[in-house]
Amino acid sequence: MTLTKTVAFSKKSANLFFHILTKCNLKCRHCYINPAQHGKDTLPLATIKAWLEAFAPDSGSKNLIFLGGEPTLHPDLPAAVQHARRLGFGSITIDTNGFLFHDILSKVTPEDVDYFSFSLDGATRETNDRIRGNGSYAACLDGIRRAIDRGFTTSLIYTVSSANIQELAMMPDLLDKLGVDRFFIQVIGLRGKSALAQNASDIHKSPQVSRSQWLDTVSRAAQMIADRDIIVTYPKVFLGPEEKFECAGIVADNYFVFPNGRVYRCPLCEDFPIHSLCFQENQLVPTAKLNEQDFFQLDIPEGCVMNKMIQPHNISCDEKGRPEYKIACCLLKEEIITR
Ligand code: SF4
Ligand code: SF4
C-alpha cells in the first residue's frame, strides 16, 4: 500500500516549513510565534512564489508545509499551493487550527493538497479550549469532518504538556471516530509564549511534563493509537544509554521560513537571531557567523545543545554532575505504521 506523503521527522528527510504570515485568530497558551523575532507580515503572493522557487531545486525530495499563524487566513493560499504543486514539491501539507478560513476546502483539491493537518490539544472540549481558546475544539472537529467529506487526507497534531497529558489515553477513540489518517505527538518546548510564561513564573508551574510522566505515558498511548491503523509519530525526548543521539541540523534537511525573511534550520533556535540563512531580495543567502550551524557541531553529554541552553531543567545529573540521559533532537521521531 502506498502511503500519502507529508512532513517526515527522520534522518535524511527534507522539510520546508513555510510560515506565510504570523497573524492568527486564536491565542493558544503555548503559541511559539514570536512577533519580535518572526515579524508581523503577511507575505504577498509574489514573494511566496519567489521564495518557493528558491527551494525548487530538488523540490521532489522536499515536503512542504504551509503554516502561520493560521495559513488559511491568507487569501492567496490556494494560489500558493497550486504554484508549489507546479514546482513539484514531494508533498504539500496545510497546517490549520480548524477554522478553515476563505472557504479553503472548496478552493483546493485533494490533488493539490496531500494532507490537511489539524491541531488539537485535548481529547475533551474543556481541556483543549482551556489551552487553545473557546470554540477551538468544536471548530477543529468540524473542520476535520468537512475535510474528510471533501476527500482530503487528514492528520492531527497534539502538543503534550502538563495540562493535557492525562487525556492522551482518550485519543484512540476520538481519532478512530473522526477517521484521521495520522497522529503526530509533539512535546511542548519553551519557545514563544511558553518561554515568556516560564521566565515570569517559577519552575513548578512549567508546562513541561517530567521524564517519568513522559516515559510512562507517551509510547504506550502511541502504540494504542497505532493499533487502530492510524500512523503515529512521536518524539522519544529522553534517550536511554544505548540510544544514539543525532542532531537533525547535521543529518536532515529542514528549513523554517518566517515572513521577516529569517530561515532557521532548528525550531529551538527561533526565539533568537541566530538563523543560518535569510532572504535578501528574494535570494536565499547565508548569514554571518556565529549562528545556529555552529551549535549543531557541538558534541555534549546532554545531547541537544539548544535544549541545554533554553530548558536545562529537563536534564538531571548524578552525584558527580554527569547527565543521566541525553535529550533527543525534537526533529527526529519514532514512527509506528501497522497497516
Ligand atoms: S493556532 Fe497556532 S499560530 Fe494560532 S495561536 Fe494557536 S499555536 Fe499560535
Ligand atoms: S533540536 Fe537540538 S538536536 Fe535538533 S536540530 Fe536543534 S540543536 Fe540540533
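The values are calculated or read from the model by the stated rules, or taken from the named source; none is laboratory data. All values reported here derive from a predicted model rather than from experimental measurement. Counting neighbours? That spans all protein chains shown, and the Cβs are built from the backbone with ideal geometry, glycine included. Heads up: the accessible areas ignore ligands, DNA and RNA and are worked out on the full protein's heavy atoms, side chains in. Shrake-Rupley method; radii C 1.70, N 1.55, O 1.52, S 1.80 Å.
Here is how the numbers come out for the structure above:
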item: Antiparallel content of DSSP bridges confined to the chain, in %, to 5; result: 30 percent
item: Cross-link pairs LYS27/LYS49; LYS244/LYS333; LYS5/LYS333; LYS12/LYS333 - those with Cα-Cα distance over 22 Å; result: LYS27/LYS49
item: Protection-proxy order for peptides 154-165, 21-32, each taking the mean of Cβ atoms within 10 Å per residue, highest first; result: 154-165, 21-32
item: The range 1-95 - share of DSSP beta bridges that are antiparallel (%, nearest 5); result: 10 percent
item: Ordering of 282-289, 58-65, 207-214, 111-118 by burial proxy (mean other Cβ atoms within 10 Å per residue, highest first); result: 111-118, 58-65, 207-214, 282-289
item: Accessible area expressed per residue, the range 81-176, with surrounding protein chains retained (probe 1.4 Å, Å²); result: 36 Å²
item: Listed residues CYS269, CYS278 arranged by accessible area, highest first, probe 1.4 Å; result: CYS278, CYS269
item: Heavy-atom accessible area order for LYS11, LYS333, LYS177, largest first, 1.4 Å probe; result: LYS177, LYS11, LYS333
item: Accessible area of the chain belonging to carbon and sulfur atoms, whole % at 1.4 Å probe; result: 51 percent
item: Contact order normalised by residue count of the chain, Cα under 8 Å, 6+ apart, percent; result: 19 percent
item: The range 158-192 versus the range 22-93: alpha-carbon centroid distance in Å; result: 24 Å
item: Probe 1.4 Å, all protein chains present, accessible-area order of MET171, MET309, MET224, largest first; result: MET309, MET224, MET171
item: Extreme residue, positive dipole direction of the range 1-155, given options THR153, CYS28, ILE92 (C-beta unit charges); result: CYS28
item: All aspartates and glutamates inside 16 Å of LYS23 as judged from Cα atoms, apart from same-chain residues fewer than 8 positions distant; result: ASP41, GLU70, ASP76, ASP95
item: Among ALA222, PRO241, GLY261 the positive-end extreme of the charge dipole of the range 221-275 (Cβ point charges); result: GLY261
item: Accessible area (Å², 1.4 Å probe, nearest 10) - GLU126; result: 130 Å²
item: Dipole in debye (nearest 20) - the chain, about Cα centre, beta carbon charges: Lys, Arg +1; Asp, Glu -1; result: 320 debye
